[in-house]
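**Q** Pasting in a structure now, in structure tokens, and then I'll have a few things to ask.
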Amino acid sequence: MGALSTTARDTLEAHTNLLPIDLLFNKETFRPTAHIASLPPTHLLSPLSCRAARRFVKHHRSPLHNLFGLLNIDPRSIETISPTHCCLNYTPAFSTSIPPDKPTALTQAIASHNTKISIYCDGSGYKSGISASAVLYINSVERRSLRYHLSPNTEHMVYEAEIMGLLLALHPLFLLTSNPRSSVIIGPDSQATICTFFNQKFHLVHHLLDQVHTLAEHLHATHYKLRNPSTPLSAKQLCKDYSHNVLNLQIHWTPGHIDFLPNKCADEIAKSAASGTSSPSLSSSTRNPSLTAFQPSTTPTLFNSAPSENDGGRTLCDIGLLLT
């Protein structure tokens, strides 16, 4: 006890791994303040915290005013993740297919590749980088590709990149100027990603899956407006009933590392993005590329009435695809 009573307090705190009192106070106040600031908008404290952080009042301060005024935390600068998005009996705006084995999946993939529109996506972890890609095929001919670099593998996982690849695959479909009459096939190579679309409980990176569901709902509303311009329906109205036959969107499992050229192409593009390069339209989006990856008002026309050399003389004016 003699040594403890005669040792300087700062030296004793360093030996016992205790922070100085001012740093310990900041740590203990920062933790609950950050927790409150990251609450979803549906929480009762969320609007109160945003109001308290807006300005530091002079009189009648609440504990929230003191916390946000002391630590200078802005809830608007913190990414929030909603605890739930869809109800348990939610029906996705697309159908899925997972064949029992790779030979059957390859046969299905070859048949799907011969449809009017097919998109293949992939997520990759290559050279300490996590990235995603999507490749668009029209009449079995590659037309455009998108790539997106998430971050180093210390911050994200390949599973997140697989979901991001599906978000990239949905982008070109928003820019169609006419409703496709045939099926639209999206081919990811991850069975786990496809299976989680029917699990609406809170789980890993469910907020990205929610974005896929939301994007697919708005896609149906967009194509319903193309087919019925006089009587458009909102995404909420269409999500209750997909029997309008607006868009036949299907997600098929396409196994990787097999002799299938479109999947290899998506994998190579994803690996090339792992070094930090993204498509020009995606480079400005760091958090939510699903909302900023396409800009229909500024995109040039990709297909017109002139035939392409790779189309065997056939025209693509019925598709009228716009893509950045």
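The values are calculated or read from the model by the stated rules, or taken from the named source; none is laboratory data. A quick note: this is a predicted structure, and the numbers were derived from the prediction, not measured. Heads up, the Cβs are rebuilt from the backbone with ideal geometry, glycines too, and the neighbour counts pull from every protein chain shown.
The rows are residues; the columns are (1) aliphatic (A, V, I, L, M); (2) touching a residue at least 24 places away in the same chain (Cβ under 8 Å); (3) over 23 Å from L215 (Cα atoms).
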{"residue": "S128", "(1), (2), (3)": "no, yes, yes"}
{"residue": "R144", "(1), (2), (3)": "no, yes, no"}
{"residue": "P152", "(1), (2), (3)": "no, yes, yes"}
{"residue": "A161", "(1), (2), (3)": "yes, yes, no"}
{"residue": "L166", "(1), (2), (3)": "yes, yes, no"}
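**Q** Could you check segment 215-314 for helices (runs of 4 or more DSSP H) lying wholly inside it with 1 or more residues that are closer than 30 Å to G129 by Cα, modelled with pLDDT under 65 and of a type in the set (V, I, T)? Working first, answer last.
**A** Details: elements: 235-239, 261-273, 289-292.
Passing ranges, in order: 289-292.
**Q** When you go through E155, E142 one by one, which is the residue that is part of a strand (DSSP E or B) and out of contact with any helix residue (DSSP H, G or I) (no Cβ under 6 Å at 6 or more places or on another chain)? So that I can check it myself, show each step before the final result.
**A** On the way: E155 fails: part of a strand (DSSP E or B).
Every option except E142 fails the conditions.
**Q** Hey, P99 hits all of (1) surrounded by 15 or more Cβ atoms within 10 Å (Cβ to Cβ); (2) within 30 Å of A34 (Cα to Cα) but one; which does it fall short on?
**A** Going through the list (1) surrounded by 15 or more Cβ atoms within 10 Å (Cβ to Cβ); (2) within 30 Å of A34 (Cα to Cα), P99 breaks only (2).
**Q** Tell me, which residue of segment 160-173 that is in contact with a Leu (Cβ under 7 Å, 6 or more places away or on another chain) and under 22 Å from G256 (Cα atoms) is surrounded by the most Cβ atoms within 10 Å (Cβ to Cβ)? Outline the logic, then answer.
**A** So in segment 160-173, the residues in contact with a Leu (Cβ under 7 Å, 6 or more places away or on another chain) come out as 160-161, 163-164, 167-168, 170-173.
Among the residues that remain, those that are also under 22 Å from G256 (Cα atoms) are: 160-161, 163-164, 167-168, 170.
On the way: E160: 19, A161: 30, I163: 23, M164: 28, L167: 23, L168: 28, L170: 24.
Top of the filtered list is A161.
**Q** Tally the residues that are part of a helix (DSSP H, G or I) and either among the acidic types (D, E) or free of Cβ contacts under 8 Å to residues at least 40 places away in the same chain (or both), restricting the search to segment 16-42.
**A** Step one: list which residues in segment 16-42 are part of a helix (DSSP H, G or I), which gives 21-37.
Filter again for either among the acidic types (D, E) or free of Cβ contacts under 8 Å to residues at least 40 places away in the same chain (or both), leaving 21-25, 27-28, 31-32, 35-36.
Looking only at that region, the number is 11.
**Q** Would segment 85-102 turn up any residue that is touching a Pro at 6+ places or on another chain (Cβ under 8 Å) and either under 30 Å from L166 (Cβ atoms) or assigned to a helix (DSSP H, G or I) (or both)? Full working, then the answer.
**A** First pass over segment 85-102, keeping only residues touching a Pro at 6+ places or on another chain (Cβ under 8 Å): 102.
Filter again for either under 30 Å from L166 (Cβ atoms) or assigned to a helix (DSSP H, G or I) (or both), leaving 102.
Checked against the condition, which is being touching a Pro at 6+ places or on another chain (Cβ under 8 Å) and either under 30 Å from L166 (Cβ atoms) or assigned to a helix (DSSP H, G or I) (or both), segment 85-102 yields at least one hit.
**Q** Condition (residue is touching a strand residue (DSSP E or B) at 6+ places or on another chain (Cβ under 6 Å), surrounded by 12 or more Cβ atoms within 10 Å (Cβ to Cβ) and farther than 17 Å from P262 by Cβ) applied to segment 105-123: is it met by at least one residue?
**A** no
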